[in-house]
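*Asks:* Have a look at this one.
Bear in mind that the values in this text are calculations on the coordinates, not laboratory data. Keep in mind that this is a model prediction, so the values were computed, not measured. So basically every Cβ, Gly included, is an ideal-geometry build from the backbone, and we count neighbours across all protein chains shown.
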Amino acid sequence: MRTVKIAGNPDPCPVGKLVCVGRNYAEHARELGNEVPEKPIFFMKPSTSIIGSGEEIIIPSISSDCHHEVELAVIIGKKGKSIRPVEAMDHIAGYGVAIDLTLRDVQTELKNRGLPWEAAKAFDTACPLSDFVPASRIPDPHELRISLRVNGEIRQDSSTSLMVRRIPELLSEISNLFTLEPGDIVLTGTPEGVARVDSGDILRAEIDRVGVLEVKVR
Ligand code: MG
């Protein structure tokens, strides 16, 4: 079972499910030629896709176009079903930095054929994840600079203020479908600037006050 660390908590936290949100920043939806969806798009990654800072990404041989997507990650601390938006922030234990690695060529083919995305999103090493900081340290998660550099060069540089659907609404919508339990993690979408990574690249993702995540592509 994969675990993550939450600062100040001596015990490693076992990870449950990873629920991800698609197209939650308008400029990113546009750069891939997609509309901002009327209803949120959710998909999942298994906990086996997680790697920590300092570990290596292994791109599956079925792809020649693996993209980085830096995202704010939310870890759940309190169980909830059909959580009301006004109560949603009480369910959050902490925040972290994630990269939602995506095999764009595989995903495009699956999308075009109306098939599920798992092969493009859920492979081993598809979810680099930092340690988490307690929610009490982040008074407003919707005003954080979020960025990603590849080999020192800035690729994504935006603000969590530009999320289409904010975290309370996301947790409410998600928990209408899936009970959220302690240790579940929600990835809140990526801003524009996604691009390909190649063997040897070093990815450094950073969210102000939340943390830094650095991984290398094997
Ligand atoms: Mg994403």
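*Asks:* Considering only residues that are more than 21 Å from Arg166 (Cβ to Cβ), among the charged types (D, E, K, R) and more than 15 Å from the ligand (Cβ to nearest atom), which ones fall in the stretch 110-147?
*Replies:* Arg113, Asp124, Asp131
*Asks:* Pull out all pairs, ordered by first then second residue, where Cβ-Cβ is under 7 Å, the residues are six or more apart or on different chains, the first lies in the stretch 178-192 and is among the hydrophobic types (A, V, I, L, M, F, W, C), and the second is within 10 Å of the ligand (Cβ to nearest atom) and part of a strand (DSSP E or B).
*Replies:* Filtered contacts from the stretch 178-192: Leu187/Cys20; Leu187/Val21; Leu187/Glu71; Leu187/Ala98.
*Asks:* Filter the stretch 68-85 for residues that are aliphatic (A, V, I, L, M) and touching a helix residue (DSSP H, G or I) at 6+ places or on another chain (Cβ under 7 Å); which is nearest to the ligand (Cβ to nearest atom)?
*Replies:* Filtering the stretch 68-85 for residues that are aliphatic (A, V, I, L, M) and touching a helix residue (DSSP H, G or I) at 6+ places or on another chain (Cβ under 7 Å), the one nearest to the ligand (Cβ to nearest atom) comes out as Leu72.
*Asks:* May I pose another question? Of the residues Val4, Val36, which is touching a Gly at 6+ places or on another chain (Cβ under 8 Å) and either free of Cβ contacts under 8 Å to residues at least 60 places away in the same chain or of a type in the set (Val, Ile, Thr) (or both)?
*Replies:* Val4
*Asks:* Given the criteria buried (at least 18 other Cβ atoms within 10 Å of the Cβ) and of a type in the set (Phe, Trp, Tyr), does Phe123 qualify?
*Replies:* yes
*Asks:* Additional query: Answer yes or no: is there a residue in the stretch 180-198 that is of a type in the set (Gly, Ala, Ser), away from the ligand (no atom under 15 Å from the Cβ) and more than 15 Å from the chain's Cα centre (by Cα).
*Replies:* No, the stretch 180-198 has no match at all.
*Asks:* Quick one: in the stretch 1-28, which of the residues that are farther than 26 Å from Val164 by Cα and of a type in the set (S, T, N, Q) is farthest from the ligand (Cβ to nearest atom)?
*Replies:* Asn9
*Asks:* Follow-up question, since we're still on this one. Do we find a residue being surrounded by 13 or more Cβ atoms within 10 Å (Cβ to Cβ), within 16 Å of the ligand (Cβ to nearest atom) and within 18 Å of Pro128 (Cβ to Cβ) anywhere in the stretch 87-94?
*Replies:* No, because not a single residue in the stretch 87-94 is surrounded by 13 or more Cβ atoms within 10 Å (Cβ to Cβ), within 16 Å of the ligand (Cβ to nearest atom) and within 18 Å of Pro128 (Cβ to Cβ).
*Asks:* Could you tell me whether Asp65 is among the acidic types (Asp, Glu), within 16 Å of the ligand (Cβ to nearest atom) and either in contact (Cβ under 8 Å) with a residue 12 or more places away in the chain or in contact with a helix residue (DSSP H, G or I) (Cβ under 7 Å, 6 or more places away or on another chain) (or both)?
*Replies:* yes
*Asks:* Please indicate, with yes or no, whether at least one residue in the stretch 153-168 is out of contact with any strand residue (DSSP E or B) (no Cβ under 8 Å at 6 or more places or on another chain), away from the ligand (no atom under 16 Å from the Cβ) and over 25 Å from Val36 (Cα atoms).
*Replies:* The answer is yes, given that some residue of the stretch 153-168 is out of contact with any strand residue (DSSP E or B) (no Cβ under 8 Å at 6 or more places or on another chain), away from the ligand (no atom under 16 Å from the Cβ) and over 25 Å from Val36 (Cα atoms).
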